[in-house]
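The values are calculated or read from the model by the stated rules, or taken from the named source; none is laboratory data. Since the structure is predicted, the reported quantities are computational estimates derived from the model, not experimental observations. Virtual Cβ from ideal backbone geometry, glycine too; neighbours counted across all protein chains shown. The accessibility values were calculated without ligands, DNA or RNA, using every heavy atom of the protein model including side chains. Shrake-Rupley method; radii C 1.70, N 1.55, O 1.52, S 1.80 Å.
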Amino acid sequence: MAVFVALGAFVMTLVGGWTAGRVTDRRHLVLGLAGGLMLGVVGLDLLPEALEAAGGPVFGVPAALLLAVAGFLFAHVVERLLALRRSAHGADEHPGGRVPEVGLTAAAAMVGHSVMDGVAIGAAFQVGGGMGVAVAVAVIAHDFADGFNTYTITRLYGNARRKAVAMLFADAAAPVVGAATTLAFTIPEQLLGGYLGFFGGALLYLAAAEILPEAHHDHPARSTLLCTVAGAAFIWLVVGIAE
């Protein structure tokens, strides 16, 4: 049942990526929406779950928040190191100073997160059918945002469309793989919470330092801002329904 439900996440992820690819003439709106979706996922979904699961405080600070800061800094350091490496070798960056490898790395992290979504579905069905359905609804709904963000991030950093599509399909298949793994084993709750905190910090960096500034760079319109607010509000709605 868990694997069958995860197929719904597969379809919804592809729909999200397809939507992102079809509105290229409204790129600033796409980026504004993607930034809002990412902020909503981090603040309203990932970090609350991480705070519950990652364990107690470390030197007075919750472990999940420490890992979120570490994820933020990790994303920043990786981006800078890749940019310096390409500059030292005389390679051209994408216009605007963006490095394609950063986009692929971020998309790969989205794929890893989607695997965890599938694991969450499988683990919930191990608890009971009602719990499984509730978690599945939440995962399937926000996988639209995952597909949308995976395609947008990959393309934003100058990667070819075929690479963006490949990452999108990998992200779509990831929940099915994750759900299937729960037939064999279960990931410890504390380890899963730590991962969610770290990934949330990295995602926050991409949203706040890259995607949203790019969205408002050429088109500082109220419509872009409204898309950002709508993206965050959509995730709030999804989380509220899941509860």
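A few points about this structure:
- Region 56-83, subset in a helix (DSSP H, G or I), open to solvent by 50 Å² or more (accessible area, probe 1.4 Å) and at pLDDT below 90, residue nearest to Glu210 (Cα to Cα): His76
- Breaking point among (1) open to solvent by 20 Å² or more (accessible area, probe 1.4 Å); (2) within 14 Å of Ala106 (Cβ to Cβ); (3) at pLDDT below 80, for Leu206: (1)
- Residue in region 180-191 that is in a helix (DSSP H, G or I), in contact (Cβ under 8 Å) with a residue 40 or more places away in the chain and open to solvent by less than 30 Å² (accessible area, probe 1.4 Å) present: no
- Top-ranked residue of region 84-114 - restricted to ones that are modelled with pLDDT of 75 or more and open to solvent by 40 Å² or more (accessible area, probe 1.4 Å), ranked as farthest from Leu47 (Cα to Cα): Glu101
- Single match in Ala53, Ala68, Ala9 (criterion: among the small types (Gly, Ala, Ser), in contact with an Asp or Glu (Cβ under 7 Å, 6 or more places away or on another chain) and closer than 22 Å to Leu191 by Cα): Ala53
- A single entry from Ala179, Ala173, Ala221, Ala233 fulfils the requirement of being touching a helix residue (DSSP H, G or I) at 6+ places or on another chain (Cβ under 9 Å) and within 27 Å of Val78 (Cβ to Cβ): Ala173.
- Residue match in region 211-224 (condition: under 30 Å from Ile121 (Cα atoms), open to solvent by 40 Å² or more (accessible area, probe 1.4 Å) and free of Cβ contacts under 8 Å to residues at least 12 places away in the same chain): no
- Residue in region 122-135 that is at pLDDT below 80, of a type in the set (S, T, N, Q) and under 28 Å from Ala53 (Cβ atoms) present: yes
- Test: Leu29 is over 15 Å from the mean Cα position of the chain (by Cα), of a type outside the set (Val, Ile, Thr) and at pLDDT below 85: yes
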